[in-house]
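Following: one structure in structure tokens, then a few remarks.
The values are calculated or read from the model by the stated rules, or taken from the named source; none is laboratory data. Given the structure is predicted, the values throughout are model-derived calculations rather than measurements. We place every Cβ from the backbone using ideal geometry, glycine too, and count neighbours over all the protein chains shown. All accessible areas refer to the heavy atoms of the entire protein, side chains included, with ligands and DNA or RNA removed. Shrake-Rupley method; radii C 1.70, N 1.55, O 1.52, S 1.80 Å.
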Amino acid sequence: MHSEGSLRVGLVGLGSLGIRLGREFDRLSGAELVALADVSQEILGSAGRELGVPMSEQYAEYETMLDEASLDAVAIATPNGLHYDQATTALDRGLHVLCEKPLSTTVSDALDLTRRAESGEEVVMLGYQRHLNPAFIAGRERWALGELRPTFITGEITHDWREYYEEMTDWRMDPELSGGGHLLNVGTHIIEAILWMTNLTPTHVTANIEFHDEEQLFDKQTSMLVEFENGTVANIADTGIVPRTREHIHIWDDEGAVYFEGREWDDRTAYTIDTEGTEHRPYPSDCGSKAAAFVESIADGTEPPSTARDALWATIVTMAAYESGRRDERIDIVEHYPALEDCPR
């Protein structure tokens, strides 16, 4: 941090996610958004005016921003395929990193970045916002940090990407920038949330995927079964070709269930079901700020709410699903990714 004690942050990627992150940092007393980078000069200028970043601190090239701006941290909200290189480049310069999901577009890069994050002193936080939602935090306390073990899990997310598939012009349809289709870009939210709340170790993935392209990269919708070490199974469905965004995660255990529900991109809510079948609505839905959590982790020297290892395992399950869909067979995770033997759950 600079002498005034405020974290100096550079933001790369000024699409909808980037602008939201920029606004969060702009509101914080413990952080100062001092530099912006984006390939679009028009977007740079507009974001600079809104966020109070002068033209002298607006950059067309990310590495130029790192070289010329005085920074303590970077926030990365660029397309998926850029995350690994941009995060590792920042870590090479000793900067803290807040990176939007997914961690990378390959398991090998996700594994390498996780090792880098865990071996260094810099904070590396991923932008999985459900880690900041009171309902999901309570779910983690019930299962991953508690005594109860899930017995049956279902998850579903729906979303409208039909225009992307029809026109194939958006960056999400560029193999180098996207790395996959709807499952990697959006379905990752519920995969990661299930893994984080339960801390279960996935062992096998079986997926049926409807691909849009002959190369079988851009999935349109997926049905998958994830098997865990303790015998629990999760049924997960993802689609990008329906007109509304809806989300649910339902997790049962010996004391009932918690149902997590979402509409559009509003904060997710939840209610419990007890052993008698009675529903209760105990959880508020207000979600915390990614930027605030990131700055707090740096200031306190604590682990961020969403770590590289959390994101690694979401990447592993997602990529195993793609492989299963292409091969039409059940994938043994450790057998398919032997390097994971050195990086346990």
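Residues being more than 18 Å from GLU163 (Cβ to Cβ) and either surrounded by fewer than 24 Cβ atoms within 10 Å (Cβ to Cβ) or of a type in the set (A, V, I, L, M) (or both): count how many of those fall in region 218-228. Qualifying residue count for the region: 6.
Picking from THR269, THR315, THR275, which residue would you name as being more than 30 Å from ARG27 (Cβ to Cβ) and within 19 Å of the chain's Cα centre (by Cα)? Outline the logic, then answer.
Details: THR269 fails: more than 30 Å from ARG27 (Cβ to Cβ); THR275 fails: within 19 Å of the chain's Cα centre (by Cα).
After applying the criteria, what remains is THR315.
Filtering region 110-130 to residues that are in a helix (DSSP H, G or I) and within 20 Å of ASP238 (Cβ to Cβ) leaves ALA110, GLN129, ARG130.
Highlighted here are the helices (runs of 4 or more DSSP H) found entirely within region 131-197 that include at least 2 residues which are surrounded by 15 or more Cβ atoms within 10 Å (Cβ to Cβ) and charged (D, E, K, R): 134-142. Total residues in region 247-292 satisfying the condition of being open to solvent by 40 Å² or more (accessible area, probe 1.4 Å), under 19 Å from LEU148 (Cα atoms) and in contact with a helix residue (DSSP H, G or I) (Cβ under 9 Å, 6 or more places away or on another chain): the figure is 3. Among the residues of region 142-169, the ones that are over 25 Å from ASP253 (Cα atoms), over 20 Å from the mean Cα position of the chain (by Cα) and not aliphatic (A, V, I, L, M) come to 7 in all.
Taking region 19-32, which residues are of a type outside the set (Ser, Thr, Tyr) and open to solvent by 20 Å² or more (accessible area, probe 1.4 Å)? Can you show your working first?
We begin by selecting, within region 19-32, every residue of a type outside the set (Ser, Thr, Tyr); these are 19-28, 30-32.
Correct list: ILE19, ARG20, ARG23, GLU24, ASP26, ARG27, LEU28, GLY30, GLU32.
For region 320-338, the condition holds for at least one residue, the condition being that it is open to solvent by 10 Å² or more (accessible area, probe 1.4 Å), within 17 Å of ASP109 (Cα to Cα) and β-branched (Val, Ile, Thr). If I filter region 76-86 for residues that are hydroxyl-bearing (Ser, Thr, Tyr), surrounded by fewer than 16 Cβ atoms within 10 Å (Cβ to Cβ) and more than 19 Å from ASP310 (Cβ to Cβ), do I get at least one hit? Looking for residues that are hydroxyl-bearing (Ser, Thr, Tyr), surrounded by fewer than 16 Cβ atoms within 10 Å (Cβ to Cβ) and more than 19 Å from ASP310 (Cβ to Cβ), one finds none in region 76-86, hence no. Out of SER40, SER16, SER3, report the one residue that is of a type in the set (S, T, N, Q) and either buried (at least 19 other Cβ atoms within 10 Å of the Cβ) or at pLDDT 95 or above (or both). Within the list SER40, SER16, SER3, the selection yields SER40.
Residue check: SER119 meets all listed conditions (1) within 25 Å of ARG345 (Cβ to Cβ); (2) touching a residue at least 24 places away in the same chain (Cβ under 8 Å) but one, namely (2). Residues that are closer than 29 Å to LEU7 by Cβ, aliphatic (A, V, I, L, M) and either outside any helix (DSSP H, G or I) or without any contact (Cβ under 8 Å) to a residue 40 or more places away in the chain (or both) within region 266-308 are absent altogether.
Suppose the filter is within 22 Å of the chain's Cα centre (by Cα) and either farther than 30 Å from GLY18 by Cα or crowded, with 22+ Cβ neighbours inside 10 Å (or both); does ILE298 pass it? Step through it out loud before you land on a result.
Details: within 22 Å of the chain's Cα centre (by Cα): yes; either farther than 30 Å from GLY18 by Cα or crowded, with 22+ Cβ neighbours inside 10 Å (or both): no.
So ILE298 does not fit the description; no.
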